[in-house]
Amino acid sequence: MKFLPLLRANLGRHKRRTLLTIASVALALFLFASLRTVITTIGAAAQFGSARRLVTTNSTGFVLPLPVAYANRLQAMEGVERVTWANWFGGRYGDGKRFFATFAIDPKSYLDIYPEMSVPPDQREAFLQDRSGALIGVRLLDIFGWKVGQNVTLQGTIFPGDWTLTIRGVYTPTDPVINDDALMFHWDYLDERSERTGQAGWYILQIDRPENAARVAKAIDDQFKSSNAPTKTGTEQAFNASFATMWGNVGLLMNTIGMAVVFAILLVTANAMMMSARERTREVAVLKAIGFTDRRLFGLVMLEAGIITVTGAVIGLGAAKLLYRATNFNAAGFLPGFDVTWSTLAIGGMIALLLMLASGIVPAARAARLPVVAALRNVE
Amino acid sequence: MALVEIRDVHKTFHRGAERIDVFNGLTLDMAQGSFTALMGPSGSGKSTLLNLIAGLDRPTSGAVRVGGAEVSSMTPVQLAPWRSRHIGFVFQQFNLLPVLTAYQNVELPLLLTRLSKGERDERVRIALGVVGLDDRLQHYPRQLSGGQEQRVAIARAIVADPTLVLLDEPTGQLDAKSSQEVLHLLGRLNDEFGKTIIVVTHDPHVAARAKRQLHLDKGTFVEQAEAVA
């Protein structure tokens, strides 16, 4: 503690340089935390899914529909407790600049199968009763200022025309991985107005026991193998994971960018620390002449590097944690549950530690090894 | 027994292929409470001798003892704390830390001791009082004149009550008035406080203030003079 004024004075010697160095460390760790959170969010989405839920799609690809008539046959399969289905609607609202997911669902069975979507009972009932009613994620209220009871008109992109829906309910996900900015409406309403009738985009099935998943999936796919629309069934988790792989090797990309940024900042910080140490050759020699040991001077320089990197880390990582949480960021619905995890903060902290060692060790060792007489002779 | 004992000291420097013998068997004693001026032309070995006594440099052979401790055989790890207890160093260019106030500069050597904050505060104020700058505690070096800076440097050198105060051209950067102030201060430190002082100087006025003058040339003493009290 008694060396604090000395440390403070040294850090304040070039205030702008110190602040810029802290700012670059903060920015580097903010970017690192942000990029890594993209990876962890995609990873969490890929992991999401109840072990008791299966997804059945067209075996050619999930963009091709399946007959809605499969619903009864699926319901009749051994081990299947509930069946629901949904269609990707692809609607646009207003100028379309703010994208959000729109689905047509079989309302009652869908909400029964997804208890993670919390809807107030009166709104749930109102939504179920209104054929042109819509259920929206809670975030859409904030984005568009919508209210329950309001009519909204979507422009269909896959199903052309204007589609006017009445907001009847608002759902709040109890699991952050579920999108909170989607809009859902009655599949019947879509089917009634669409030229392509009797088609379900995909089925979601609730089975009795998780350990039956493989058996039930095989039984389903075997049953429809020879039909016009053969199926492909897997766990909901595998289905979500297949979406994650559509991002490509985004993890490698994000990691590479993140590490490149950290490395670049390391060079900046190390350069600033070395400049600072070079400017103080005379002072280090004087301190040694006074009686400061090599070890103490090494420690003081490392401590300076530590204060810079730790301050930068606290600002950068703290800002990432608080900012995304405060703004409820979800990348326009693409990254629901975007939240900087504690493990990301821990890794960021370790990077800050490495940054401190890498940027401080050379100037610290230089200060410790400085030959006093030669240094004093040069400055005298 | 002398406070400083230099016995058969040899010191050789190498500059590329060139070998420079600064001392060839130098022997010297300095008594406790003495005030010695080391004079001589540039390159005569004055500053090297000061560095050897302070343990900042090591003789090629021979022994340097201060207060009975063999400085020349100490390791760097032993030397640093020894220096903080026994040596006060004053440089020609003052060498105050520009980012610290006069108070903080003087406090530096005390940070290496186990003194409490209160004890450190008392000593810093006394030291700055002795050099007549107790009204400049919170001034930074850039806010002080050259003479005041050197007096702060002297306060820093004496604050830990060292065995020896070593000064390397302490008036080299000062005008006549400031030089006189510093010389008066050195005289007080020696006379009133009994400090043992060794000063390297080219300035005959500084030398005149010392009780003993040693003239070095090419590593040997060519002349010694004792002041008449």
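For the structure I just gave you, tell me whether A:Val284 is touching a residue at least 60 places away in the same chain (Cβ under 8 Å) and surrounded by fewer than 19 Cβ atoms within 10 Å (Cβ to Cβ).
Judged against the criteria, A:Val284 is not a match.
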So for segment B:105-115 (the condition being more than 15 Å from B:Ala54 (Cβ to Cβ), facing chain A (nearest Cβ under 10 Å), out of contact with any His (no Cβ under 9 Å at 6 or more places or on another chain) and of a type in the set (Ser, Thr, Tyr)), does at least one residue qualify?
yes
For the subset of segment A:360-380 comprising residues that are in a loop (DSSP other than H, G, I, E, B) and at pLDDT 80 or above, which member is farthest from the chain's Cα centre (by Cα)?
A:Pro371
Here's a check for you: in segment B:89-104, which residue that is more than 10 Å from A:Leu6 (Cα to Cα) and assigned to a helix (DSSP H, G or I) is farthest from the other protein chains (Cβ to nearest Cβ)?
B:Ala102
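Keeping to segment B:98-116, report how many residues are within 11 Å of B:Arg156 (Cα to Cα) and not charged (D, E, K, R).
Qualifying residue count for the region: 8.
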Quick check: anything in segment A:149-157 more than 26 Å from A:Val63 (Cβ to Cβ) and in a loop (DSSP other than H, G, I, E, B)?
yes
By residue number, the members of segment B:19-65 that are of a type in the set (S, T, N, Q) and touching a helix residue (DSSP H, G or I) at 6+ places or on another chain (Cβ under 6 Å) are B:Asn51
Given the residues B:Leu185, B:Leu137, B:Leu167, which is the only one that is surrounded by fewer than 21 Cβ atoms within 10 Å (Cβ to Cβ), over 27 Å from A:Arg13 (Cα atoms) and among the aliphatic types (A, V, I, L, M)?
B:Leu185
Taking the condition more than 10 Å from every other protein chain (Cβ to nearest Cβ), at pLDDT below 90 and touching a helix residue (DSSP H, G or I) at 6+ places or on another chain (Cβ under 9 Å), does A:Phe298 pass?
no
For A:Thr293, which of the numbered conditions (1) away from chain B (no Cβ under 14 Å); (2) among the hydroxyl-bearing types (Ser, Thr, Tyr); (3) surrounded by fewer than 21 Cβ atoms within 10 Å (Cβ to Cβ) fails to hold?
(1)
Subset of segment B:163-178 [under 27 Å from B:His86 (Cβ atoms) and outside any loop (DSSP other than H, G, I, E, B)]
B:Leu164, B:Val165, B:Leu166, B:Leu167, B:Asp168
Based on what the data block shows, is A:Thr344 more than 14 Å from chain B (Cβ to nearest Cβ) and either surrounded by fewer than 21 Cβ atoms within 10 Å (Cβ to Cβ) or farther than 14 Å from A:Thr269 by Cα (or both)?
yes
How about segment B:37-88: which of its residues are within 10 Å of chain A (Cβ to nearest Cβ), part of a loop (DSSP other than H, G, I, E, B) and in contact (Cβ under 8 Å) with a residue 40 or more places away in the chain?
B:Asp57
Kindly list, by first and then second residue, each pair from a residue in segment B:202-229 that is among the basic types (Lys, Arg) to a residue that is at pLDDT below 80, limited to pairs with Cβ atoms under 8 Å and residues at least 6 apart or on different chains.
B:Lys211/B:Glu226; B:Lys211/B:Ala227; B:Lys211/B:Ala229; B:Arg212/B:Gln224; B:Arg212/B:Ala225; B:Arg212/B:Glu226; B:Arg212/B:Ala227
Just checking, which of B:Arg156, B:Arg188 is free of Cβ contacts under 8 Å to residues at least 60 places away in the same chain and among the basic types (Lys, Arg)?
B:Arg188
Of the conditions (1) at pLDDT 85 or above; (2) under 30 Å from B:Asn95 (Cα atoms); (3) surrounded by fewer than 19 Cβ atoms within 10 Å (Cβ to Cβ); (4) not β-branched (Val, Ile, Thr), A:Lys218 satisfies every one except a single condition; which number is it?
(2)
Going through A:Lys97, A:Lys108 one at a time, which residue ends up being within 26 Å of A:Val83 (Cβ to Cβ) and either out of contact with any helix residue (DSSP H, G or I) (no Cβ under 6 Å at 6 or more places or on another chain) or of a type in the set (Lys, Arg) (or both)?
A:Lys108
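Quick check: is even one residue across segment B:17-25 touching a Gly at 6+ places or on another chain (Cβ under 9 Å), among the charged types (D, E, K, R) and not in a helix (DSSP H, G or I)?
Checking segment B:17-25: at least one residue is touching a Gly at 6+ places or on another chain (Cβ under 9 Å), among the charged types (D, E, K, R) and not in a helix (DSSP H, G or I).
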Across segment A:159-212, what is the number of residues that are closer than 23 Å to A:Thr235 by Cα, in a loop (DSSP other than H, G, I, E, B) and touching a residue at least 60 places away in the same chain (Cβ under 8 Å)?
10
Any residue in segment A:311-325 that is of a type in the set (Gly, Ala, Ser), within 14 Å of chain B (Cβ to nearest Cβ) and touching a residue at least 60 places away in the same chain (Cβ under 8 Å)?
no
Out of curiosity, is B:Gly40 at pLDDT below 95, surrounded by fewer than 20 Cβ atoms within 10 Å (Cβ to Cβ), over 29 Å from B:His139 (Cβ atoms) and not acidic (Asp, Glu)?
no
Which of the residues spanning segment A:257-281 are crowded, with 19+ Cβ neighbours inside 10 Å and within 11 Å of chain B (Cβ to nearest Cβ)?
A:Arg280
Just checking, how many residues over segment A:1-38 are within 14 Å of another protein chain (Cβ to nearest Cβ) and of a type in the set (Gly, Ala, Ser)?
2
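The values are calculated or read from the model by the stated rules, or taken from the named source; none is laboratory data. Everything numeric in this text was worked out from a predicted model, so none of it was measured. Please note: Cβ atoms are built from the backbone with ideal geometry, for glycine as well, and neighbour counts cover all protein chains shown.
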